[in-house]
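First comes the structure, then the notes that go with it.
Values quoted throughout were computed directly from the atomic coordinates according to the rules given, and no laboratory measurement underlies them. It should be emphasised that the depicted structure is a prediction, and the values quoted were computed from it without experimental measurement. Here the Cβ positions follow ideal geometry from the backbone for every residue, glycine too, while neighbour counts run over all protein chains shown.
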Amino acid sequence: MALQRATIRLAAAVVVALLAPQLPLASAISPQGPGNGLGVTPQMGWDNWNSIACQVDEDVILDNAKKLVDLGLRDLGYKYVILDDCWSSGRSDNGTLLANTTKFPSGMAGLASQIHDMGLKWGMYSSAGKYTCAQYAGSLGFEKQDAQTFADWGVDYLKYDNCYNEGQEGTSKLSYDRYKAMSDALNATGRPIFYSMCNWGTDYPWNFASTIANSWRIAGDIYDSFDRPDPRCPCTTWDCALPGFHCSVMNILNKVASIVDKGRPGGWNDLDALEGPRQIPLIMGNDLTLMDAPSLSILSNPAILAISQDSLGTAAFRVWQKPAYSSQNNTYSADLYTAGETYFWTGRLAGGDQVIAFVNAGAQQQSLSATIDEVFVDYVTTGSSKPSVQTANTWDVYDLWANRMDDATAKTIIDGGIQSLTAPTPSNGTNTTTAAAAAYTPFNVTVTPYADAVKKNDTAVLGVKVATLMAGGSVKADVPSHGVAAFRLRSQKMIPVAGKRKRDEL
Ligand code: GLA
């Protein structure tokens, strides 16, 4: 059966969400990370760089922070507000970092306090170099002093870039030492500050950063292209000296495919900010004050967010990559970039559930399917000829897109705020809220954490059952161009929950 309802046009956010599900710290395995207890699941929030770049000031940051609250995004878990580059006016005579008070009249401590009052967390940016990428003061050599300044300002998150690093790169050890200096300095402040390394994959941070950072960028800068090749982001694999910029979503997905296992609770692969409407941990990169309805609907889908924030902490992996079919040429092209490519991803979730996703980077709709052996490939490649419990089982297939809010509801929220859904009819009797919007219950993770909602079979996180997958069967989906179909599979009967995946591949 083709699952028409399961498809949706490009949501790069979503693809990334699927790549990064996770495990609780109360695990027998020590968590990754710098020991600050943060990043048990991938971070969620907003960063201004992709939409506003250097045009930052206090009003812009506060306007966007307010939108996180008004649009219901904070309550879905998007809690970090991250001020990127271009906020500084240099250093004082004693070397203390200074904020530009023309742009930020309240000062950084004042701004942080306003952000905290909104129930949000405050993030800032610096570089492990002499300058930041936009040539403001960098923190190389000033790690202890700057970490303390950030802590004094009430900072909860540091994005730490790689520009002007004075040549201190080229081996993992050089990069490790340079980034560890800030990790140690942040820890020494005693304030838990999420440490987000941004060295673009240089020197393979997934091999050295897992004990010093909560996340590490794996590639050059993303931009709002799904699959356009660009020589400024030269490689789709790791035999590449220059991470570059203008990296498409597919370029970055192809890079992460071989290192998904490096992301675990406490330390995650970072694919860069989400290229949502302006056209990703889940850091939105769009101007929230210009949010449109389809984007809000995609970014707000609890069924997808629950995959990203799943408590098992095991990343999904790619089972296959195939060229897309072209009806124009009536053929499958061998050239992935010309014809576009298709992917099938699968991953374990808490409680024995499984998530699967079909990605279509082709220029036209594709009918994609995966066998039950492909869905549970990890269980059938252990050298046994006996069918695994999983492949002999019957599974309910839930469409993770089916319950997302409709565009009219999203528009109601954009126009009147999340509170307008539950607002009483005004005394003049005019209420423009649509019936669908009035019936929509916003999801709130502070009331019901994702893991609890999943256990309670809340349809907001489960989606809608659209098929059954049995022994010998397959799952099929019609996936539109630049689209992703995503499903949660749940066993019809209790089966022993599989242990953690053997990690000998590390
Ligand atoms: C680098 C980073 C970007 C952004 C800019 C700011 O390019 O990779 O994410 O922070 O610097 O100048």
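Quick notes on this one:
- Packing around the peptides 461-473, 146-158, taken as the average count of other Cβ atoms within 10 Å per residue, puts them in this order, highest first: 146-158, 461-473.
- Taking the fewest neighbouring Cβ atoms within 10 Å as the starting point, the ordered list for 418, 356, 259 is 259, 418, 356.
- Exposure proxy order (Cβ contacts within 10 Å, fewest to most) of 459, 441: 441, 459
- The C-alpha radius of gyration of the range 29-179, expressed as a fraction of 2.2 N^0.38 Å, stands at 1.07.
- Least to most buried among 493, 255 (fewest other Cβ within 10 Å first): 493, 255
- Sorting the segments 90-96, 50-56 by their residues' average number of neighbouring beta-carbon atoms within 10 angstrom, most packed first, yields 50-56, 90-96.
- For the range 129-244, the alpha-carbon radius of gyration amounts to 1.10 times the rule-of-thumb value 2.2 N^0.38 Å expected for a compact globular protein.
- Kirkwood hydrodynamic radius (C-alpha pairs) into Stokes-Einstein, the range 235-274, 4 °C and 1.567 mPa s, D in µm²/s: 117 µm²/s
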